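Here is the structure we will look at, set down as structure tokens.
Any read-out appearing in this document is the output of simple, stated calculations on the displayed coordinates, not a laboratory observation. Because the structure is a prediction, the values reported are computed rather than measured. Here the Cβ positions follow ideal geometry from the backbone for every residue, glycine too, while neighbour counts run over all protein chains shown.
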Amino acid sequence: MTYHDTLFIGGEWIAPSTSQSITVVSASTEEVIGSVPEAVEADVDAAVDAARRAFDDPNGWPTWSPADRAAAMERFADELDKRAPEIAKLVSAQNGMPIAISSSFEAAFPALLLRYYAGVVKEATFEEEHPHMMGGTTVVRQEPLGVVGAIVPWNFPQSLAAFKYAPALAAGCTLVIKPSPETVLDSVPLAEAAAAAGIPAGVVNIVPGGREVGAYLVAHPRVDKISFTGSTVAGRAIGEVCGRLLRPVTLELGGKSAAIILDDADLDLATIGQDLFQATLLNQGQTCFLGTRVLAPRSRYDEVVDTFAALAGSLKIGDALDETTQIGPMASDRQRDRVEGYIAKGKAEGARVVVGGGRPSGQDKGWFVEPTIFADVDNNHTIAQEEIFGPVLSLIPYTDDADAIRIANDSDFGLGGSVWTRDRERALGVARRVQTGTIGVNHYLPDPTSPFGGVKASGLGRELSPHAISHYQQYKSIFA
Ligand code: NAD
């Protein structure tokens with residue numbers, strides 16, 4: 001049980017402005033596992049003020065040398081490492097992520113990212129001088145943008161927050177982080193780690209709350225940049241507000257990516273099973289980049305159906321805190337309703353359930369859905385066009401590589417995807433033609449040193465890689 005009655009604002013644990021709280025229920029057991037205060041507008045004001053003061057302080061975080069910031073970020077990483085088991089447990093208990101996954105993606109990865117950006121920024125000067133075209137000299141500076149509002153979803157709460165705070169801290173920005181109400185408990189060890197590392201007061205502030213609090217933060221007059229990860233619906237609303245305010249914004253949104261199985265692909269699960277799972281079903285489908293439209297060549301369609309049926313049928317379903325679990329529950333009953341609604345729609349529109357389609361037997365508690373494989377799916381079916389965010393795959397037949405690329409691109413989204421073949425050159429040829437922000441060959445795993453993000457309705461801007469630091473900076477030219 002994690003019960004907290006204070007908010008982390010301005011480097012201190014302070015009393016919230018109201019007695020409202022967010023109670024979190026375990027996705028696996030449906031039991032209450034803790035609560036934190038719910039931030040309201042007055043708390044967001046306090047957090048933004050703290051972040052503002054920390055940014056405007058003449059000796060504040062943005063004025064620290066990159067090397068000093070890097071050292072603090074490395075200490076922050078060390079403190080996160082100390083709390084890694086606690087973080088993994090809290091994330092898994094809340095959102096149902098199998099603990100084997102949260103231990104690496106959620107508990108270990110943020111520290112890795114902090115150290116990576118510390119390394120990138122260590123030697124940076126963010127200032128260069130070159131001759132002015134008309135004579136004299138110009139000094140070009142990359143200055144931190146200011147106070148960042150970072151809004152994160154519940155599916156990978158720690159790593160997706162780190163996608164934002166690691167480059168933002170490297171750039172010299174201060175942050176107000178708003179976690180999703182489903183995953184607020186893990187923000188406590190995050191705040192404790194920042195404080196223990198000596199990240200100065202007000203540089204990182206956390207306001208747990210829902211959509212209204214998020215919307216208030218987005219439009220707050222003293223915020224300089226919004227970095228959002230979540231649904232496309234929310235992203236559009238946030239983009240509209242930021243457009244009106246001329247406020248820089250990064251949007252990491254939904255996906256409906258294609259896993260393209262070429263006709264020479266190795267379909268032996270003993271070889272590709274783990275990679276195929278990670279690229280299509282990781283975190284029981286509650287992962288934005290998954291290839292949930294599986295494009296299968298007509299010449300090997302039945303074989304592909306059998307492969308996915310065997311994969312889905314082999315996965316161990318269970319409590320997220322069990323080390324051997326591969327498929328945990330949906331994060332909330334609302335999310336399970338949504339997934340089950342799509343399964344019903346798939347059946348109604350004529351797709352064929354090969355495996356799954358219901359709730360697993362033997363799981364009396366928890367919001368579980370069976371891994372579900374639909375065959376004979378047309379790309380126009382609702383289940384092929386809309387993001388389900390559950391363990392539901394649509395197997396769509398195609399005739400040749402050009403047809404596969406056409407179907408892959410016939411989507412509102414463009415975030416991830418994968419190409420499966422024994423021929424790397426052929427894979428690269430296909431990958432180059434898929435309209436997407438990222439794509440893997442015979443696996444899918446984002447590379448922190450490379451840009452990550454989406455095209456079309458999957459987002460605006462990129463995270464990760466050294467370039468992400470520049471999304472938290474603006475240029476200034478001094479004609480000296
Ligand atoms: P969501 O959009 O409902 O909520 C995300 C966050 O935004 C939450 O903290 C929520 O409280 C807040 N929010 C919602 N509406 C808001 C508004 N109008 N203004 C300000 N804040 C608002 O999404 P979710 O259900 O929590 O997460 C699942 C979605 O996130 C999926 O669509 C998934 O694809 C997407 N996602 C994208 C990426 C990516 O990198 N592209 C990564 C993970 C998840």
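Which percent of the Cα-Cα distances in the stretch 15-54 go past 15 Å? It would help to have the intermediate numbers written out before the result.
Values: 417 of 780 pairs.
Percentage above 15 Å: 53.
Gain on full extension, evaluated as 0.36 nm per residue between Leu269 and Tyr3 minus their Cα-Cα distance, stands at 91.4 nm.
Here the contact order of the stretch 101-184, divided by its residue count and restricted to Cα pairs under 8 Å and six or more residues apart, works out to 33 percent. As an equivalent ellipsoid, the chain spans semi-axes of 38, 28, 19 angstrom, where each value is the square root of five times an eigenvalue of the C-alpha gyration tensor, largest first. With viscosity set to 0.692 mPa s and temperature to 37 °C, compute the Stokes-Einstein D of the stretch 7-121, Rh being the Kirkwood radius across alpha carbon pairs; µm²/s, no decimals. Taking Rh from Cα pairs, D becomes 199 µm²/s.
Arrange the following residues from fewest to most other Cβ atoms within 10 Å of their Cβ: Thr125, Thr18. Spell out each step's value before the answer.
Numbers: Thr125 9, Thr18 13.
Neighbour counts put them in this order, fewest first: Thr125, Thr18.
Listed by number, the DSSP H helices of the chain that run 18 Å or longer by alpha-carbon position along their axis and have mean Kyte hydropathy of at least 1.6 come to an empty list. Relative to the Cα centre, the charge distribution of the chain, modelled as +1 at Lys and Arg Cβ and -1 at Asp and Glu Cβ, gives a dipole magnitude of about 820 debye.
With contributions of -39500 (n - 2.57) from each DSSP H run of at least four residues, the per-residue ellipticity at 222 nm computed over the chain stands at -11000 deg cm²/dmol. Would you mind checking Lys316/Lys365; Lys164/Lys345; Lys225/Lys476 for any pair whose Cα atoms are more than 25 angstrom apart? Listed pairs above 25 Å: Lys164/Lys345.
For Leu428 and Ala42, what does the FRET efficiency come to when R0 = 41 Å and r is the distance between their Cβ atoms, rounded to the nearest 0.05? Don't skip to the end; give the middle numbers.
On the way: r = 54 Å, r/R0 = 1.31.
Once the sixth-power term is evaluated, E becomes 0.15.
Each of Lys347 and Asp400 was given a label point 7 Å from its Cα along the Cα-to-Cβ line. The distance between the two points is 3.9 nm.
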